[in-house]
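A short write-up of the structure that comes next.
Just so it is clear, none of the values below were taken in a lab; they were calculated from the coordinates. What you see is a predicted model; the values in this text were computed from it and never measured. In this analysis, Cβ positions are derived from the backbone assuming ideal geometry, glycine residues included, and neighbour counts consider all displayed protein chains.
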Amino acid sequence: MKKRIVAMLMVAAFVLSTTACAKDTNANSEENVAAEASVEASEEVKEAVEEASEEASSDSSDESSEEASEGKDTADSLDDIAPDKVYKNEEFGIAVVIDDDMKFLSEDFPREIGDSFGANADTPMVEAFSLYNCVIETEAESDNGQKSVEVEVADLSKSMTYPESAFVELSAIPRKIQLEKDFDEIETETEEKKIMGETHSINIFTVKKDGRTVYMSQFYLIKDGRLLTVSVFSPDKDSAYKIFDNLRKLN
């Protein structure tokens, strides 16, 4: 549409310049033609601008509708999903939807797992990333056992004053140290990913042992000094991304 407006303006300029060059032949006649052409060109340009404005308004309205639809992700969109494929956490306002080939474990949940990440450590930096009162809210795994999801909630250390993005990057260090005790080779990376309509940082740990590679991908939500972690263990990153893409807002 912008191209059309520019074209109309060029046409108007061309008409006016042409009439100006023709003044020597018949001044009065050409002045009338120029005036008429100018009026017509102005009307066409005005028409084009109005049309562009209407389209822009329409596009803006469509985008707003799309954003509203994307941001909806509420319980309404969960109605078509089988209840045994969904875990809901009201505290954090999030729902975890697992894949069709997965099922939630039938063990009693939540299950306490205690403190971690050097809780009560003498080193302030280490203690700042400690987790307290850790509880596994739920677990799910695939039929072949190669993929699993774990949802954990914990209290953050009162020394943790970092924003979410900094917490994600820095907390990868103690997690790597923890994993190195049990596995041969650990690689860590932090990626930005759009989840539930917002950009979040996720940690991805590549774990290698006995020639086998497993990915542990973690998504974090921090709210009022509490941390919710969704961990996906899978043979490839795409499986984890699919779980993260299926996370929904409850409100």
Roughly what would the spin-label model give for LEU170 and GLU112, points 7 Å off Cα along C-beta, in nm?
2.9 nm
Tally Lys/Arg at +1 and Asp/Glu at -1 over every other residue whose Cβ is under 13 Å from the Cβ of ASN203; what's the total?
-2
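To the nearest 20 Debye, how big is the dipole of the range 75-249 about its Cα centre, given +1 on the beta carbon of each Lys and Arg and -1 on that of each Asp and Glu?
Charge dipole, the range 75-249, about its Cα centre: 320 debye, nearest 20.
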When Lys and Arg each count +1 and Asp and Glu each count -1, what net charge do the other residues less than 15 Å away from MET160, Cβ to Cβ, add up to?
-2
Counting all C-alpha pairs of the range 173-251, share separated by more than 21 Å (%):
31 percent
Note down the relative contact order for the range 75-249 as a percent, whole number, built from C-alpha pairs under 8 angstrom at least six residues apart.
20 percent
